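The values are calculated or read from the model by the stated rules, or taken from the named source; none is laboratory data. In this text, all values refer to a predicted model and were calculated from it rather than measured experimentally. Reconstructed Cβ throughout: ideal geometry from the backbone, glycine too, with neighbour counts over all protein chains shown.
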């Protein structure tokens, strides 16, 4: 090896650098070295240069910056792919007469790992990860990933990796055979490995698939289909990995590519790509230019109930120490046990301190109230905290409905107050609604967004308004579903229709899970504020009868051994409500139920936009997907609405019952 490498022969995004008898093909396409058209063209050109240089004995593919190739350029996927496509790059690697080694640091994912699989060997740093997460976008690997991976590890293990979309860390990857060696120094380690091949090629296409037990593969297939809810991509993952050991290599390769192209052009894949870009767009907030986040190294939480414990667990798992306070000391021991259970699988959680004194929160950089959803209670607490915590500390409210500006007004400095609306269970649910008050300081909002990233949440900024983004839309949807009870449907019919769309649960099953008393308390609050008592009375009657949902063994459904079943008593209450309102029931078909439910969601989402509560349609899509079980494959309510026939959607909006305002469908354009 030369002490000083020779200068590159070409410019970014791909260049060939000569270092002794090894040619380093460097991919330099920041930030993630995505396999874009320019990269594909550059790789083929550099491989040709490597092959034609008699002074070079071997090649090494390596990424510039912090990563190998961390995936394809998704921006290309919405149009016909330009040539050369990824299979051409892989063919060029295999056709190169000299051995080529993939040198992996950071991440080799998707098409990036498929390129590595085309190489004659793979070496990686100990903290590198590899994987084939194409299922995230409703597709399967399309450049040989499902055909070559089972030649390194058995097809059952390969199917698990593909269907979970997980990132396999280097130590496990080495144990499974996904990489050949872990090295301490990437460039010299990869060069040494390449030269150790002594000019020999080691193409995976020349190897048979690893043996796999039929029972093991079928077990993996069942798990993959369940995980993917039998969506088309999940079925194709199973079929592709099965072909890897049943079909000839090139036949399996051709079929994989054909399936990839078909799925890439599907509505589902387009919706999932929309969500990917929506998450990145959600972080772009007007008015934060130049705002510097405040340091947050310790967190205080008031309220040791289920929500407060879940929030504590989320911060502890992210490495931030937490002081959990509840004015009822008897709740703290249970909270400690609850948090410990939540963190059972956490790697290195930070330290938890508990106290029954608010004064224990004085040193905290951020204090979150997670107490009862009552304006007077929250205002009193914020007023007291205002005199305890440091002047530069952030105060946050976990309110899910209430006016954040009114809560902030209880403090001397409303600029330091922000809403952090977590969703139960807070240590699991991905969504975090960050509520920007009228006086919330840019630095405080920037801090909240940074914390959301640290917690691994999908953070969406909302304006102040009853229920913010998510609960406001969900309440409109739930109200319409209750109106359909009067019209002629029963809870199980509505839930069945909604779940058939791909929702995790229908609205009545969700209500039973969260507790009917919570829904009723919010409804009473709104009735008191507006004087409007037009709601369907069945919820009120159920609560009055002690039917609060799963926790009492009965709500909209009856429960036995945790399993729900329709309850004739509930059907009787629905009939009673129809009689009181003078409504003659008519049969509602599944499609009618679905149309009305989706129209209610879309209508309120449009009004949320119109009222300035959400900054953009894609923010609403993220909220409903990550917090309310809206089907991911539909891309969110407003993405879905854009794909529907406009006239039919207009008719569905017109059919909504009790609508006070109509959203403007032109906002979809």
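On the given criteria, is residue 271 within 30 Å of residue 240 (Cα to Cα), within 25 Å of the chain's Cα centre (by Cα), outside the structural domain of residue 452 (by TED's automatic domain parsing) and assigned to a helix (DSSP H, G or I)?
Values: within 30 Å of residue 240 (Cα to Cα): yes; within 25 Å of the chain's Cα centre (by Cα): yes; outside the structural domain of residue 452 (by TED's automatic domain parsing): yes; assigned to a helix (DSSP H, G or I): yes.
Taking the combined requirement at face value, the residue satisfies it.
Among the candidates 663, 658, 612, which residue alone is surrounded by fewer than 23 Cβ atoms within 10 Å (Cβ to Cβ), out of contact with any helix residue (DSSP H, G or I) (no Cβ under 9 Å at 6 or more places or on another chain) and assigned to a loop (DSSP other than H, G, I, E, B)? Talk me through it step by step, then tell me what you get.
Numbers: 663 fails: out of contact with any helix residue (DSSP H, G or I) (no Cβ under 9 Å at 6 or more places or on another chain); 658 fails: out of contact with any helix residue (DSSP H, G or I) (no Cβ under 9 Å at 6 or more places or on another chain).
Of 663, 658, 612, the one residue that is surrounded by fewer than 23 Cβ atoms within 10 Å (Cβ to Cβ), out of contact with any helix residue (DSSP H, G or I) (no Cβ under 9 Å at 6 or more places or on another chain) and assigned to a loop (DSSP other than H, G, I, E, B) is 612.
Within the bounds of segment 278-291, is there any residue that is over 24 Å from residue 620 (Cα atoms) and buried (at least 16 other Cβ atoms within 10 Å of the Cβ)?
First, the residues of segment 278-291 that are over 24 Å from residue 620 (Cα atoms): 290-291.
This time we only want the ones that are buried (at least 16 other Cβ atoms within 10 Å of the Cβ), so: 291.
There is at least one residue in segment 278-291 that is over 24 Å from residue 620 (Cα atoms) and buried (at least 16 other Cβ atoms within 10 Å of the Cβ).
The residues on offer are 578, 547, and the sole one that is at pLDDT 90 or above, touching a strand residue (DSSP E or B) at 6+ places or on another chain (Cβ under 8 Å) and either within 30 Å of residue 660 (Cβ to Cβ) or in a helix (DSSP H, G or I) (or both) is 547.
Out of 88, 92, report the one residue that is surrounded by fewer than 17 Cβ atoms within 10 Å (Cβ to Cβ), in the same structural domain as residue 198 (by TED's automatic domain parsing) and not in a loop (DSSP other than H, G, I, E, B). Show your work before the answer.
Values: 92 fails: surrounded by fewer than 17 Cβ atoms within 10 Å (Cβ to Cβ).
Only one candidate qualifies: 88.
Residues that are in the same structural domain as residue 92 (by TED's automatic domain parsing), buried (at least 21 other Cβ atoms within 10 Å of the Cβ) and within 21 Å of residue 92 (Cα to Cα) do not occur anywhere in segment 200-210.
If you go through segment 304-324 and keep only what is surrounded by fewer than 24 Cβ atoms within 10 Å (Cβ to Cβ) and either without any contact (Cβ under 8 Å) to a residue 24 or more places away in the chain or not in a helix (DSSP H, G or I) (or both), you end up with 305, 318, 319, 320, 321, 323.
Of the residues 612, 627, which is at positive phi, touching a residue at least 60 places away in the same chain (Cβ under 8 Å) and outside the structural domain of residue 227 (by TED's automatic domain parsing)? Spell out how you get there, then give the answer.
Details: 627 fails: at positive phi.
Every option except 612 fails the conditions.
When 489, 497, 504 are screened for being touching a residue at least 24 places away in the same chain (Cβ under 8 Å), in a loop (DSSP other than H, G, I, E, B), in the same structural domain as residue 620 (by TED's automatic domain parsing) and crowded, with 24+ Cβ neighbours inside 10 Å, only 489 passes.
Restricting attention to segment 507-526, and to residues there that are in contact with a strand residue (DSSP E or B) (Cβ under 6 Å, 6 or more places away or on another chain) and surrounded by 18 or more Cβ atoms within 10 Å (Cβ to Cβ), which single residue is farthest from residue 554 (Cα to Cα)?
So the first thing to find is which residues in segment 507-526 are in contact with a strand residue (DSSP E or B) (Cβ under 6 Å, 6 or more places away or on another chain), and the list is 512, 515-516.
Next cut, surrounded by 18 or more Cβ atoms within 10 Å (Cβ to Cβ) only: 512, 516.
On the way: 512: 8, 516: 10 Å.
Across segment 507-526, the extreme among qualifying residues is 516.
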